[in-house]
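Working notes, structure below.
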Amino acid sequence: MVILNEAQIRQLVDADAARRAVADAFRALHRGRATLANVSTLYFADPEGLAHIKAGHLHQDGVWTVKVAADLDPGDGGPVRHGGLMLVLSALDGSLAGLLLDNGYLTELRTGAAGAIAADLLARPDATTVAIVGAGSQARHQLQALRRVRPIDRVQVASRSPERLRAFADEIEAGSGLAVQICGSVEHAVRGADIVITTTPSRAPLVESDWLHPGTHVTAVGADDPAKQELAADVLARAAVVAVDDRGQAARSGELHHAIEGGLRREEETVTLGELLEGVAEGRAGDDDLTVADLTGVGVQDAAIAAMTLRQAARGWDAQLSAGTP
């Protein structure tokens, strides 16, 4: 059995490799070459938060994965605390093949990868301005991954925490040289943006339809529970394309869930990222289309990135053995 800690995992996996692995997982899910379990959720009251248990298996791999991830809000204005691990088990005999003590890092990375895939499929090729709602770790992963698929030169960010806003802006400007505009409201951040990314645990809509200009692409990653919602439901009603990672899961717990409840969008009026990647569904048809990606996070993403992490570790060890490194 292989045991890897967060520091080791961070050295093994990068955003580009994660995006390739997650794209393969979405393709496999579309082709029927993956198995996805229903999500189990455990709620906490003090501090407020939840834990998700997700599982998935890509049929081409000899392993399957169970991921446990928790998000806990201290309630004092500080950052939401993330934690988690992945169990990688043999699909042949059920034995434990790997224990990935990533502390939620792989979940953050694969979510950022999915956002970049969605933007690459749906955002205008000339999109340069991104609005990010939320200034936590996922905001950073989304921006990092997005810059690999679009020529972003301006970031507009809004958050309920002034301290996190300032820290986010300072970090991005120092690390990348990007211009970051701190906005006093979500509306201020969203108006005029080519791409809008929402990364919060909000339980009430943050983004209104009339703030979004024609041609905008929106990626929402926060609604992974029926009580969460970042987009007003009429955003999905207005969209020319609504893409999801998995229709059933989005209909139960994503932004799509609220649009269905309001009678504004039907489950069958969506496309999946797998369908878009395989070219069997149409994405953006024109520069003025509003497009939305509703990403709830599926277990095959975890299976893909966990298996890739173990393969990367094995390659590293093989290289050390070949070089005679003790």
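Values quoted throughout were computed directly from the atomic coordinates according to the rules given, and no laboratory measurement underlies them. Quick caveat: nothing in here was measured; it's all calculated off a predicted structure. Please note: Cβ atoms are built from the backbone with ideal geometry, for glycine as well, and neighbour counts cover all protein chains shown.
Before moving on, here are some points about what is shown:
- Charge tally in the Cβ shell below 15 Å around residue 151, where Lys, Arg are +1 and Asp, Glu are -1, residue 151 excluded: +1
- In the chain, the ratio of gyration radius to Kirkwood radius, Rg to Rh, stands at 0.96 when only Cα atoms are counted.
- Beta bridge orientation in region 1-156: antiparallel %, DSSP, nearest 5: 80 percent
- What the phi angles of region 269-284 give under the Karplus curve with 6.51, -1.76 and 1.60, with θ = phi - 60°, is a coupling list of 8, 10, 10, 9, 4, x, 5, 5, 5, 7, x, 9, 9, 8, x, 4 Hz, glycine and proline written as x.
- Projected onto their three principal axes, the Cα atoms of region 42-188 cover extents of 53, 41, 25 Å, largest first.
- Within region 210-310, the percentage of alpha carbon pairs spaced more than 15 angstrom apart rounds to 60%.
- Pairs of alpha carbons in region 114-299 whose separation is greater than 25 Å (percent): 26 percent
- The chain - percent relative contact order, Cα under 8 Å, separation 6 or more: 20 percent
- Scalar couplings 3J(HN,Hα) for region 242-256, obtained by applying the Karplus form with A = 6.51, B = -1.76, C = 1.60 to θ = phi - 60°, are 10, 10, 10, 7, 8, 4, x, 5, 5, 5, 8, 9, x, 4, 4 Hz; x denotes Gly and Pro.
- Peptides 243-251, 259-267 ordered by average Cβ neighbours within 10 Å, highest first: 243-251, 259-267
- Estimated from helical segments only, the mean residue ellipticity of the chain at 222 nm is -11500 deg cm²/dmol, where each DSSP H run of four or more residues counts as -39500 (n - 2.57).
- Beta bridges by DSSP in the chain, antiparallel share as percent, to the nearest 5: 50 percent
- Taking a span of 27 Å or more along the helix axis (Cα atoms) and a mean Kyte-Doolittle hydropathy of at least 0.0 as the rule, the DSSP H helices of the chain that qualify are 299-322.
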